[in-house]
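Here, each number is a calculation from the coordinates, and none is a lab measurement. Because the structure is a prediction, the values reported are computed rather than measured. Reconstructed Cβ throughout: ideal geometry from the backbone, glycine too, with neighbour counts over all protein chains shown.
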Amino acid sequence: MEPDPSPRPVLRLKPNADARAIRHGAPWVHGDQIVWDRRSRAIPNGSIAELQDAGRTPIATVAVLPEARIAARILDRDPEAVIDRGWLTRRIAAALALRQRLTDAPFYRLVNAEGDGLPGLIVDRFGDTAVVQPNAAWIDARLDDLTAALRDVAGIAHVLKNASGRARAQEGLDDVSAVLLGTPPDRVEVPMNGATYIADLASGQKTGLFYDQRPNHAFAAALARDASVLDVFSHVGGFALACLAQGASSALAVDGSAPALALAEEGARASGVADRFATERADAFAAMEALATEGRTFDVVICDPPAFAPSKAALTQGLRAYERVARLAAPLVAPGGILILCSCSHAATLEKFRTACLRGIGRAGRSPALIHTGTAGPDHPIHPALSDTGYLKALAFHLAP
């Protein structure tokens, strides 16, 4: 892609906007902080612009989305930065260097949006294959440069674009997935925590596998040696397979998706633990009620549901759902056992989620002690100014005998 044309479009902050926040690291600017006129309103989505303070001093290079609530995303503190292939290559190289310090195996989230200085971009790595989610107009317009950077910096041979993210519609982008480089495999075996998972890159959820729970899988597995395990909302067997790999005596995975459970079973066979693994396709709430009716209990119970509160509008209903999960799961934990409850909802803060869980456990008549609070792994860095939006929470409770 050619360097950005000069002169660039200009956005200017209102006098009451906090320019110091931008200078000190804020990752974006809301539309109500910007002076809008006919010229600025006409800037095409995804364009690169110069951001000025109220005194017309340039302070940053931004990607613009005039009609959005977040109207400008900070790309570089240098107001003269050129957002070209070289710039992308340097950002990808920095992201790769961090992951190489974290792990020797090439299976991780390579780019985590603002946390890696590439707002709106998610890249998950599966060996020599990368699945990218370009959820912002500025990066969607630069996919050729992104693909070249992944190839040249990280040795990626295959790149698949996943266009299923809801954020793309908000940016005026299509929902058409595509192969950008090479011939990506439909499936990849991914080693994590001693288990082997099957990532469905072609038709699986998101990029095909959730790397974010890796440290929480490991924590659960450390408590599961010789234990019976129930993994509810298991998807491809994330918690169950990790626990079995570390010596759990048995694991039951419950999920409503037959394709996900088939991948879990395939992973169990690849991990050599199929003889201790069982699956049940069912509505998770109905399954927990049925297990309680049967008098079943397990030494370790994990519930990792989808985002019940993906937005503030859904927060009240979502918290009720998390409370219900806790209420139904607690009776299934054997005396002195472990209950792990997870949330991937941005709108549900840690405090609100913890309160909902404790309310549900209390309604079930169990006495909990919180022994661990987990978050996403370090290959999912969070921009410091966005720390309160850390979406993943995992709470581990010891339930008294």
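What is the fewest-to-most order of MET288, MET192 by other Cβ atoms lying within 10 Å of their Cβ? Numbers along the way, then the final one.
Numbers: MET288 25, MET192 21.
Starting with the residue having the fewest Cβ neighbours, the order is MET192, MET288.
Measuring between their Cα centroids, the stretch 154-208 and the stretch 19-68 lie 32 Å from each other.
Give me D for the stretch 11-67 in µm² s⁻¹, whole number, from Stokes-Einstein with Rh from the Kirkwood sum over alpha-carbon pairs, 25 °C and 0.890 mPa s.
Working: Rh = 11.4 Å.
Stokes-Einstein gives a translational diffusion coefficient of 216 µm²/s.
Result for the chain in a Gaussian network model with C-alpha springs under 10 Å: among ASP152, ASP379, ASP231, the largest mean-square fluctuation is at ASP152.
Roughly what % antiparallel, to the nearest 5, for the DSSP beta bridges in the chain? Looking only at bridges with both residues in the chain, the antiparallel portion is about 65 percent.
State the extension gain, in nm to one decimal, for the chain segment bounded by VAL82 and ARG166, taking 0.36 nm per residue of separation less the distance between their alpha-carbons. Show your work: numbers first, answer last.
Working: separation 84, 0.36 × 84 = 30.24 nm, distance 2.86 nm.
Extra length from VAL82 to ARG166 when fully extended: 27.4 nm.
Once the mean of 1/r is taken over each pair of separate Cα atoms and inverted, the chain shows a Kirkwood hydrodynamic radius of 22.5 Å.
Counting pairwise Cα distances across the stretch 85-185, what percent come out greater than 21 angstrom? It works out to 25 percent of all Cα pairs.
Which peptide among 327-336, 241-250 comes first, and what is the full order, when sorted by highest mean count of other Cβ atoms within 10 Å?
Working: 327-336: 19.9, 241-250: 24.0.
Answer by packing, highest mean first, reads 241-250, 327-336.
Placing +1 on the Cβ of every Lys and Arg and -1 on the Cβ of every Asp and Glu, with no other charges, gives the stretch 10-76 a dipole of roughly 120 debye about its Cα centre. With all pairs of different alpha carbon atoms counted, what Kirkwood hydrodynamic radius in Å does the stretch 288-401 show? Its Kirkwood hydrodynamic radius stands at 14.4 Å.
Taking amide H as placed 1.01 Å from N in the peptide plane, ILE371 has its amide H under 5 Å from the amide H of ALA396, PHE397, HIS398, each at least 5 places away in sequence or on another chain.
Dividing the summed -39500 (n - 2.57) terms of all DSSP H runs of n ≥ 4 by the residue count of the chain sets its mean residue ellipticity at 222 nm at -8500 deg cm²/dmol.
Percent of C-alpha pairs per 5 Å bin in the stretch 149-277, short distances first: 2, 11, 18, 19, 16, 12, 10, 7, 3, 1, 0. Peptides 348-359, 12-23, 129-140 ranked from most to least packed by the mean count of surrounding Cβ atoms within 10 Å: 129-140, 348-359, 12-23.
Ordering 267-273, 310-316, 112-118, 81-87 by mean Cβ neighbour count within 10 Å, with the highest value first, yields 112-118, 267-273, 81-87, 310-316.
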